[in-house]
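Reviewing the structure listed below.
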Amino acid sequence: MVAHVATVAFLGLEARGVEVQVQIAAGLPKFLVVGLPDKAVAESRERVHAALAAIGLSLPPKRITVNLSPADLPKEGSHYDLPIALGLLAAMGAIDTETLAGYLAVGELGLDGRVAPSPGVLLAAMHASARSLGLICPAAQGPEAAWAGDVEIVPAPDLIALLNHFRGSAVLRPPEPGEAALDGPGPDLAQVKGQETAKRALEIAAAGGHNLLMTGPPGAGKSLLAACLPGILPELTPSEALEVSMIASVAEALSDGRLIRSRPFRAPHHSASMVALVGGGLRVRPGEVSLAHLGVLFLDELPEFQRSALDSLRQPLETGTVSVARANAHVTFPARVQLVAAMNPCDRVAFLLPGVPLDSRRPKPECQQLQGNDLPARLKRRRRELRLFQREAAQRIGVAADTYLNWETGRRTPPTQYQHSIERFLTARVP
Ligand SMILES: Nc1ncnc2c1ncn2[C@@H]1O[C@H](COP(=O)(O)OP(=O)(O)O)[C@@H](O)[C@H]1O
Ligand SMILES: [Mg+2]
């Protein structure tokens with residue numbers, strides 16, 4: 001006989017239906033899990049074995065085959081433990097198969113039969129709701145699942161309680177939806193003293209949804225200003241809050257089933273890798289840019305980030321989504337963020353900021369690229385705007401033609417004494 005239990009596989013923010021089929025057949029004792037299980041799923045054999053032993057049931061000495069269908073979809077994660085255990089219980093006749101057919105199950109099992117939290121329960125609940133099924137989930141995540149609305153939820157603390165529930169001897173109470181998380185916006189913009197221009201820029205960025213780059217010396221309040229941004233953005237609408245919470249649910253960042261109501265603010269450290277920023281890895285998890293979806297992604301010390309990590313942000317910033325390609329599946333996470341970056345003025349940039357002495361060290365190439373503040377290119381662009389020959393441009397700045405040529409080709413960096421005349425040349429009105 002084959003027992004069936006419905007569960008899900010997560011592909012980004014999409015839950016795909018997966019059927020766990022359990023067959024107990026005559027043959028040499030063996031316990032097989034097939035259907036592209038990853039390491040965590042393959043290990044669920046041991047957990048299920050131990051959990052059933054803990055509630056006083058031993059597996060029959062027969063050939064047990066567990067198939068996760070569709071067999072070509074890769075299965076990741078530990079949430080297959082509970083459906084596999086339920087399938088076994090059904091195949092052994094300990095649970096009524098017809099009752100089980102009305103439910104979808106997710107949850108990880110402990111060796112003592114406890115049902116432990118696993119990521120993505122909110123998604124599973126919404127999937128169950130769409131298929132008009134009930135949901136069996138870990139008790140700790142009942143409040144999270146209850147947000148999905150019209151779904152019968154069975155919050156299981158352990159296997160025994162679940163068996164008693166289905167026998168009708170001790171019914172598990174359906175959970176109430178968790179409260180909305182209280183951690184409101186960060187610091188208040190009113191706390192920031194002075195810095196009127198920066199505050200105005202922040203307000204304009206908030207109003208128009210613009211990205212923002214702040215340059216300034218350490219201690220100027222860049223980090224403080226960035227942290228103020230979520231507080232002046234409009235509140236999340238209920239559907240946006242659900243979307244943000246779903247990403248947090250997949251990333252296991254939802255505490256006590258509390259729905260997230262405030263705009264996310266993520267500030268990854270500059271040592272963050274590409275995978276940490278855009279997601280991916282062995283088990284595809286949303287990265288920082290997805291965790292900041294509909295909120296603010298703050299990159300402090302921008303030039304210190306790895307070049308590859310910054311480049312990987314291009315796609316999400318342009319399209320608002322991140323696609324991680326895997327061998328057998330394509331995973332897409334939403335990633336509509338407002339990017340706020342901060343950096344200390346670096347040499348070449350400093351050259352064009354009034355009052356900052358020119359340093360003769362060569363700037364980091366990243367700085368040049370990020371800001372487009374490359375002096376040779378600017379000189380050339382300017383000269384073309386003014387329709388001048390190099391000789392004439394040199395005359396305007398007051399240096400020899402050779403010297404100017406060296407600057408424009410980037411062979412030499414201009415000494416400090418020419419800062420003002422170059423600035424004047426770069427900013428003069430086009431006649
Ligand atoms: N304009 C300001 N108003 C109030 N506090 C400020 C202001 N500028 C800086 N601070 C405080 O000074 C400290 C350093 O600021 P921070 O934002 O970390 O600077 P930065 O990121 O530019 O190095 C923080 O504790 C911040 O609260
Ligand atoms: Mg700072």
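The values are calculated or read from the model by the stated rules, or taken from the named source; none is laboratory data. Given the structure is predicted, the values throughout are model-derived calculations rather than measurements. Note: ideal-geometry Cβ built from the backbone for every residue, glycine included; neighbour counts use all protein chains shown.
Figures for the structure shown
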quantity: Which numbered condition R261 fails, given (1) away from ligand 1 (no atom under 15 Å from the Cβ); (2) out of contact with any strand residue (DSSP E or B) (no Cβ under 7 Å at 6 or more places or on another chain); (3) in a loop (DSSP other than H, G, I, E, B); calculated: (2)
quantity: Among the candidates V337, V399, residue that is under 30 Å from L242 (Cβ atoms), buried (at least 16 other Cβ atoms within 10 Å of the Cβ) and modelled with pLDDT of 80 or more; calculated: V337
quantity: Residue satisfying all of: in segment 132-166; charged (D, E, K, R) and modelled with pLDDT under 90; nearest to S249 (Cα to Cα) among these; calculated: E144
quantity: Residues that are touching a Pro at 6+ places or on another chain (Cβ under 8 Å) and modelled with pLDDT of 50 or more, drawn from segment 356-382; calculated: L375
quantity: Scope segment 287-313; condition under 24 Å from L236 (Cα atoms) and in contact (Cβ under 8 Å) with a residue 60 or more places away in the chain; matching residues; calculated: G295, V296, F298
quantity: Selection within segment 51-92 - at pLDDT 90 or above and on the phi > 0 side of the Ramachandran plot; calculated: G56
quantity: Test: residue in segment 140-160 that is among the polar types (S, T, N, Q), more than 16 Å from ligand 2 (Cβ to nearest atom), out of contact with any strand residue (DSSP E or B) (no Cβ under 7 Å at 6 or more places or on another chain) and under 27 Å from E14 (Cα atoms); calculated: yes
quantity: E385 vs. criteria under 18 Å from the mean Cα position of the chain (by Cα), more than 16 Å from ligand 2 (Cβ to nearest atom) and modelled with pLDDT of 85 or more; calculated: no
quantity: Residues located in segment 93-139, provided they are over 16 Å from L13 (Cα atoms), surrounded by fewer than 17 Cβ atoms within 10 Å (Cβ to Cβ) and hydrophobic (A, V, I, L, M, F, W, C); calculated: A94, A101, L111
quantity: Single match in S249, S273, S255, S245 (criterion: farther than 27 Å from L202 by Cβ, buried (at least 20 other Cβ atoms within 10 Å of the Cβ), among the polar types (S, T, N, Q) and away from ligand 2 (no atom under 16 Å from the Cβ)); calculated: S249
quantity: Residue that is modelled with the lowest pLDDT [pool: residues in segment 187-213 that are surrounded by fewer than 16 Cβ atoms within 10 Å (Cβ to Cβ) and of a type in the set (K, R)]; calculated: K193
quantity: Given (1) of a type in the set (A, V, I, L, M); (2) free of Cβ contacts under 8 Å to residues at least 24 places away in the same chain; (3) within 30 Å of A53 (Cα to Cα), number of the condition I160 does not satisfy; calculated: (2)
quantity: Residue, nearest to ligand 1 (Cβ to nearest atom), within segment 226-240, restricted to residues that are in contact with a helix residue (DSSP H, G or I) (Cβ under 9 Å, 6 or more places away or on another chain) and without any contact (Cβ under 8 Å) to a residue 60 or more places away in the chain; calculated: C228
quantity: Among the residues listed as G184, G231, G178, G216, the single one being within 16 Å of ligand 2 (Cβ to nearest atom) and at pLDDT below 90; calculated: G216
quantity: A90 being surrounded by 15 or more Cβ atoms within 10 Å (Cβ to Cβ) and in a helix (DSSP H, G or I); calculated: yes
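Conditions (1) away from ligand 1 (no atom under 16 Å from the Cβ); (2) free of Cβ contacts under 8 Å to residues at least 12 places away in the same chain, marked per residue:
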| position | (1), (2) |
| --- | --- |
| N164 | yes, yes |
| G168 | yes, yes |
| E179 | yes, no |
| P187 | no, no |
| Q195 | no, no |
| A207 | yes, yes |
| H210 | yes, no |
| L224 | no, no |
| L242 | yes, no |
